[in-house]
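Only one structure is covered here, and it is reproduced in the block below.
Each reported figure results from applying straightforward, stated rules to the coordinates on display, with no laboratory input. Model, not experiment: these values are computed from the prediction. Note that we place each Cβ from the backbone using ideal geometry, even for glycine, and neighbour counts take in every protein chain shown.
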Amino acid sequence: MAKETVTIIDNVTGKSIELPLRTGTIGPPAIDITTLYKKLGYFTYDPGFMATASCRSNITYIDGDKGVLLYRGYPIEQLAGKSTFLEVAYLLLYGDLPTRPRLDEFTKVISRHTMINESLKNFYSGFYHDAHPMASMVGVVGSLSAFYHDSTDIHDPKHRDIAAHRMIAKMPTIAGASYKHSIGEPFVYPKNSLSYCANLLHMMFSVPSEEYQIDAVAEQALDLIFILHVDHEQNASTSTVRLAGSSGANPFACISSGITALWGPAHGGANEAVLLMLEEIGDAKEIPKYIAKAKDKDDPFRLMGFGHRIYKNYDPRARIIREMCHRVLKRLGDENDPFFELALKLEELALQDDYFIERKLYPNVDFYSGIIYKVLGIPTNMFTVMFAIARTAGWVAQWTEMIAEPDQRIARPRQVYDGSPERDYVPIELRK
Ligand code: CMC
């Protein structure tokens, strides 16, 4: 069967060319423009990648108009209701849901990698006590390659696998250490008999002098949030990981670059920004003023936790997490707490406002995750760190997929140059 093509007619030169269509299993096909420059002498221009598929991938699928999110084909609603974070991490890494023995083995492998080299702990003493935990996390994760030389040969599938396990396993330990450093408490070693999320709570909140009881609701809520955050196809941080990885950089360095991209308030930093915004609004009667600010094109203020580049329908993750948010509030918080009342009132008023309705700006997953974290007693500056822990499994799956591609090459976008045309050097005495 002949490959489907698209005809491009150049109205400037009258030339016409055929470009192949790349069709996936679901979703819109993409025009393969790799030969466009050679054939017509044009680049394509798409800042922000509004209509550009940067790779082929079989990990995650999103239909933003219908509000669909699939991991390896499984709807997020089914995984959120029935699976666990480590099972979903396995699914992303290896393509299929594990059998019981495979999941047990994977869980054991991950738990065996939870400790970090003792020397790595010394890095924290180089950070000032009030360092943002994301700042120390970027540094510490970036330094992992200095410790784990036996997993940095990206061309060896075994090395890639070990690096993936190490990253997933060590992120909670690094997060716990970042937090403990910021509050001046001793680091807590991982306890491998605990589940992934219980271990994180243990490393963040236990102290050597007291017994610490893991709260089952907190553990369950974290596991759900992590499933919802684990991957989201070619978002800014994942694309950053792929871009860094395309040059052959080691996986630890690549994940560290993903963490930096995640930190921005338009991406993973939004959950922290939501809380800071709610604190700034302060009182439900101030909400109309802030909604007006968000609508004012001369004011840079945006309602944090609202809107999404891809979802122009309700974010399916937000629907799931919203329900969990109410459950957690009922069990661990106080639904009548003025802070939570304020959040829920903002959600209600924004959803009724024409500006938000017309632009399809719905609350996104980060609107609710911040509120849950607050009820769980997780400090605001740790919110994006929590996102990074979950997304690490997605990052390593996407990185592994890219490196394993036989025709993988360095990612190197082009540009439309807007600067001065060629000109001659002027000696300093003659410059005006
Ligand atoms: N508050 C007010 N107006 C908004 C908002 C908002 N939160 N988001 C988008 N708009 C307006 C925007 O001004 C524009 O209006 P107009 O058409 O009149 O110019 C229109 O909606 C489209 O917005 P955009 O900026 O072109 O959309 P984008 O796809 O480039 O940006 C976004 C997506 C998520 C960066 C943006 O909605 C935003 O800044 N939201 C707040 C930050 C946030 O919650 N981010 C977390 C995203 S979910 C987690 C993750 O994936 O990391």
*Work out, step by step, the length gained on full extension between Thr44 and Gln415: first 0.36 nm times the residue separation, then minus their alpha carbon distance; give nm to one decimal.*
132.7 nm
_GNM flexibility winner over the chain from Ala198, Ala135, Ala175 (Cα, springs under 10 Å)_ = Ala135
*Quick one: what Rg and Dmax do you get for the stretch 176-266 from the alpha carbons, in Å?*
16.2, 48
*Spin-label point model (7 Å from Cα, Cβ direction): what's the Val12 to Asp156 distance in nm?*
5.0
_In whole Hz and in residue order, list the ³J(HN,Hα) couplings for the stretch 161-170 that follow from phi through the Karplus curve 6.51 cos²θ - 1.76 cosθ + 1.60, θ = phi - 60°; x for Gly and Pro._
5, 5, 4, 4, 4, 4, 4, 4, 6, 8
*Before anything else, pin down the relative contact order of the chain: Cα pairs under 8 Å, at least 6 apart, normalised by residue count, whole percent.*
19
*Compute the Rg to Rh ratio over the stretch 36-88 from the alpha carbon atoms, using the Kirkwood formula for Rh, and round to two decimal places.*
1.20
*Seen from all sides and averaged, what is the projected area of the convex hull of the Cα atoms in the stretch 294-432, in nm²?*
16.5
*Along the stretch 310-327, what does the Karplus equation 6.51 cos²θ - 1.76 cosθ + 1.60 (θ = phi - 60°) give for ³J(HN,Hα), rounded to whole Hz, x for Gly and Pro?*
9, 7, 10, 10, 4, 5, x, 5, 5, 4, 6, 6, 4, 5, 4, 4, 5, 5
*Mind ranking 118-125, 151-158, 268-275 by how tightly packed they are, going by the mean number of other C-beta atoms within 10 angstrom, highest first?*
268-275, 151-158, 118-125
*Quick one: of Lys293/Lys330; Lys108/Lys180; Lys66/Lys295; Lys170/Lys191; Lys108/Lys374; Lys66/Lys293, which pairs are farther than 20 Å apart, Cα to Cα?*
Lys293/Lys330; Lys108/Lys180; Lys66/Lys295; Lys108/Lys374; Lys66/Lys293
*If one puts a single equal scatterer on every Cα of the chain and applies the Debye formula without solvent, what log₁₀ I(q)/I(0) results at q = 0.10 Å⁻¹?*
-0.77
*Using alpha-carbon positions, what is the distance between the centroids of the stretch 233-252 and the stretch 271-317, in Å?*
29
_Over 24 Å apart: what share of the alpha carbon pairs of the stretch 1-125 falls there, rounded to a whole percent?_
56
_Computed over the stretch 276-353, Kirkwood Rh from alpha-carbon pairs, angstrom_ = 13.8
*Report the charge-dipole magnitude of the chain in Debye, nearest 20, computed about the Cα centre from +1 at each Lys and Arg Cβ and -1 at each Asp and Glu Cβ.*
940
*asked:* Under the rule of at least 5 residues apart or a separate chain, name every residue whose amide H is placed under 5 Å from the amide H of Asn117.
replied: none
*Going by average Cβ neighbours within 10 Å, how do the peptides 52-63, 4-15 rank, with the highest at the top?*
52-63, 4-15
*Taking only the alpha-carbon positions of the stretch 347-391 and ignoring solvent, what does the Debye formula give for the base-10 log of I(q)/I(0) at q = 0.27 Å⁻¹?*
-0.89
*Two-site FRET efficiency, Ala404 against Glu210, from Cβ-Cβ distance with R₀ of 51 Å, rounded to 0.05*: 0.65
*What is the fewest-to-most order of Arg431, Arg327 by other Cβ atoms lying within 10 Å of their Cβ?*
Arg431, Arg327
*Name the residue, out of Lys360, Lys293, Lys180, whose mean-square fluctuation peaks in a Gaussian network model built on the chain with Cα pairs under 10 Å.*
Lys293
*Amide H to amide H under 5 Å from His308: which residues, 5+ apart in sequence or cross-chain, H placed 1.01 Å off N in plane?*
Tyr362
*³J(HN,Hα) across the stretch 52-60 via Karplus (A = 6.51, B = -1.76, C = 1.60, θ = phi - 60°), whole Hz, x for Gly/Pro?*
10, 8, 8, 6, 9, 8, 10, 9, 10
*asked:* Under 5 Å between amide hydrogens, which residues at least 5 positions from Ser57 or on another chain qualify, with H placed 1.01 Å from N in the peptide plane?
replied: none
